[in-house]
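Here is the structure we will look at.
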Amino acid sequence: MGAMVAIVDYGAGNLTSVVKALRRLGRRCVVSCDPEIVGLAENWIIPGVGNFKATSPLANGNLGQVLRNGIADGRSLLGICLGLQWLFEGSTEAEDLRGVGAFPGVCQRFPHHVKSPHVGWDSITFRGPSRLLAGIPSGAYVYFTHSYRAPVCDNTVATCTYEEPFTAVAEHGSLFGVQFHPEKSGDIGMQILENFCAL
Amino acid sequence: MPCETLAKRIIACLDVSVGRVVKGIQFEQLRDAGDPADLAAAHSAAGADEIVLLDITATAELPNTLLDTVRCTANQLFIPFTVGGGIRSLDDAAAVLDCGADKVAINSAAIADPGLITRVAERYGSQAVVVAIDAHQKTPTSWEVYVWGGRKPTGIDALEWAVRAEQLGAGEILLTSMDRDGTKAGFDCALTRTIAKRLRIPVIASGGAGEPHHFVQVFEEGAADAALAASVFHFGLKSVETIKLALRDAGIPVRLAC
C-alpha cells in the first residue's frame, strides 16, 4: 500500500477524479482540510482549478502554515494545476495573494490574441532530469485546462509551448508541480501519479 | 497563430437513455448500442481524447439512472468526461460533477436561464461548463438556436448566443448542426467557422461525421478545436485511430498512442 497521501481540500474544485486515480493505483489516500490530518500523511497532493483567489485559505491559518513548514522540511508534495501555480511567487490573477515562492516567478494570463483557456491535450518537452517523469517519453501528450501559466525557471523540468513556452512540470527535491491534470491524462498521467506515490 | 502542438481533439459521444447507449438518426429508430461504462472505456482505450455522455431521455427531472450511469462510467475513465442532457440547475450540475464528471453540458436550460452558466462557472470554474447549442440553418450565413432536443425554435441567432455564453462564463461550446446530425454527410464547416472564429473559447463541432476526411475538413475549413461523433465509433465503422492517422497525414496535430 505504501505511504499515505493527503489530498488537500481547500475548497478549490472537484477532488473526485484525483481520489479515483489514486484508488486505481492502489494507493491509500485521505481528502482533508484539517491541518492535523494533513500533517500526518507522508505525501501531499494539492489539486485545484480556477482562480488564484481560491488559494486564499492557504495564505493564512494553520493549514497553510503546515504546508509551508512541510515544504521547507522537504516533505513530498505534488501541486496540480492551480496547486503548481501556488508553489510559485504569485499570480497576476490575484495580486494581493502570495504563493509559496518555492519556484521563482509570477504566473500570468495568456495573451489576448490566443484562444484561452488553453484546453486539451498538448505535448510536453523535457529540459532536465526528473524523478516525476521517469519512464515518460519527452513529447508525451497530457491534458491541460488553464488560462494562467507559470514562467519557465531553473526548476522547470518540462515545458509546454502555447504561443510561448511555460512551465508544464517543475521539480526541486521532493517538491513537484504539474500544470496539466495527470488524473485526466490517461496512462501517461497515471504513470506520473504512480511515480510520485512511489518516491 | 503559433499553437503548433495543441492537439485537435476527437471526442466520442454516447447518447444514453435509461442507462443504455442508444443511437438513431434524428431520434428515430433507436438502436441499443451497449453499456455506457464499457463503451466509454473502450473508446478511451482506442484513443478517444474525451468522452461526452448525453442523456436523451426527455424527463422533467434529472433521471436517477443517469447518476448511476455517470458514476459507473467515471470510475473507468481517466480522460476528460462531460455529461449533459437534463441539467437544469446548479444542483443538477453539482450532482453530476459529484458523481465524477469533469464538465457539464448545458443546453435548453441555459437559454431559459442564462444565469445558470455563470452560477455553475463561479462554483466549479469555467472549465467545467460546456454550453451546448443545437443550430439550424436559416440563411446561407445564419443559424437559429433550437431547444428541447431540437424540437423548439427560439428565434435566437446561434452566433449571438455563443458570444453571450462565452461572456457568461462558458468554458467551451458544443456546437451541433441539426441539419447534418445523423446524415454522415460531413460537418457543417460554415457554421463551425462562423462561431469558432468569433470566440476565444474552444468550439467542439458536432453533427454529420461519417468519414475520416470530414474530420480533416472541420479542423481545416471549420476552424474547430475538437470534433465529436457518436455512431462512427459505436459500430466500428471508423476507428478513432483511423481518423487520427488521417488528421496526422494532413498535418493536423493529434494525440496518438505512444
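In region A:85-99, the condition of being within 14 Å of chain B (Cβ to nearest Cβ) and either within 26 Å of residue A:17 (Cα to Cα) or free of Cβ contacts under 8 Å to residues at least 24 places away in the same chain (or both) is met by at least one residue. Taking the criterion of being assigned to a strand (DSSP E or B) and either free of Cβ contacts under 8 Å to residues at least 24 places away in the same chain or farther than 23 Å from residue B:128 by Cα (or both), the residues of region A:142-166 that qualify are A:156, A:157, A:158, A:159, A:161, A:164, A:165, A:166. So for region A:68-77 (the condition being loosely packed, with under 15 Cβ neighbours inside 10 Å, more than 14 Å from every other protein chain (Cβ to nearest Cβ), touching a residue at least 40 places away in the same chain (Cβ under 8 Å) and not β-branched (Val, Ile, Thr)), does at least one residue qualify? Among the residues of region A:68-77, at least one is loosely packed, with under 15 Cβ neighbours inside 10 Å, more than 14 Å from every other protein chain (Cβ to nearest Cβ), touching a residue at least 40 places away in the same chain (Cβ under 8 Å) and not β-branched (Val, Ile, Thr), which makes the answer yes.
When region A:40-53 is filtered for residues that are under 27 Å from residue A:27 (Cα atoms) and at pLDDT below 85, the ones remaining, listed by number, are A:48, A:49, A:50. A single entry from B:91, B:102 fulfils the requirement of being more than 11 Å from residue B:36 (Cβ to Cβ) and without any contact (Cβ under 8 Å) to a residue 12 or more places away in the chain: B:91. Within region B:137-149, the set of residues being among the aromatic types (Phe, Trp, Tyr) and either within 14 Å of another protein chain (Cβ to nearest Cβ) or not in a strand (DSSP E or B) (or both) comprises B:148 only. I'd like the residue in region A:143-181 that is within 9 Å of another protein chain (Cβ to nearest Cβ) and under 14 Å from the mean Cα position of the chain (by Cα) and, out of all such residues, is farthest from residue B:225 (Cα to Cα). Among residues in region A:143-181 that are within 9 Å of another protein chain (Cβ to nearest Cβ) and under 14 Å from the mean Cα position of the chain (by Cα), the one farthest from residue B:225 (Cα to Cα) is A:181. A Cβ distance below 6 Å, combined with a sequence gap of six or more or placement on separate chains, defines the contacts here; from region B:124-153, residues that are farther than 30 Å from residue A:48 by Cβ reach residues that are of a type in the set (Phe, Trp, Tyr) and surrounded by fewer than 24 Cβ atoms within 10 Å (Cβ to Cβ) in the pairs B:134/B:146; B:136/B:146; B:145/B:161; B:153/B:146. Only residues that are in contact (Cβ under 8 Å) with a residue 40 or more places away in the chain and of a type in the set (Phe, Trp, Tyr) were counted in region B:50-85, giving 1. Going by the structure shown, is residue A:127 in contact with a helix residue (DSSP H, G or I) (Cβ under 9 Å, 6 or more places away or on another chain) and either among the acidic types (Asp, Glu) or more than 18 Å from residue A:183 (Cβ to Cβ) (or both)? Considered against the rule, which asks whether it is in contact with a helix residue (DSSP H, G or I) (Cβ under 9 Å, 6 or more places away or on another chain) and either among the acidic types (Asp, Glu) or more than 18 Å from residue A:183 (Cβ to Cβ) (or both), residue A:127 comes out as no. Under the condition of being away from chain B (no Cβ under 13 Å) and crowded, with 24+ Cβ neighbours inside 10 Å, the residues counted in region A:123-142 number 1.
Of the strands (runs of 3 or more DSSP E) that lie entirely inside region B:37-136, not one contains 3 or more residues that are within 13 Å of chain A (Cβ to nearest Cβ) and modelled with pLDDT under 95.
Going through (1) in contact with a strand residue (DSSP E or B) (Cβ under 9 Å, 6 or more places away or on another chain); (2) surrounded by fewer than 19 Cβ atoms within 10 Å (Cβ to Cβ); (3) within 14 Å of chain A (Cβ to nearest Cβ) one by one, residue B:190 falls short only on (3). Quick one: in region B:209-228, which of the residues that are at pLDDT below 95 and outside any helix (DSSP H, G or I) is surrounded by the most Cβ atoms within 10 Å (Cβ to Cβ)? Ranking the qualifying residues of region B:209-228, first place goes to B:209.
Just one of the numbered conditions (1) under 25 Å from residue B:99 (Cβ atoms); (2) within 14 Å of chain B (Cβ to nearest Cβ) is not true of residue A:7; which one? With respect to (1) under 25 Å from residue B:99 (Cβ atoms); (2) within 14 Å of chain B (Cβ to nearest Cβ), residue A:7 is out only on (2).
Of the candidates A:26, A:11, the single residue that is part of a loop (DSSP other than H, G, I, E, B), surrounded by fewer than 17 Cβ atoms within 10 Å (Cβ to Cβ) and touching a Pro at 6+ places or on another chain (Cβ under 9 Å) is A:11. Among the residues of region B:245-254, the ones that are among the charged types (D, E, K, R) and over 19 Å from residue B:223 (Cβ atoms) come to 1 in all.
The values are calculated or read from the model by the stated rules, or taken from the named source; none is laboratory data. Model, not experiment: these values are computed from the prediction. Here Cβ is always computed from backbone atoms with ideal geometry, including for glycine, and neighbour counts include all displayed protein chains.
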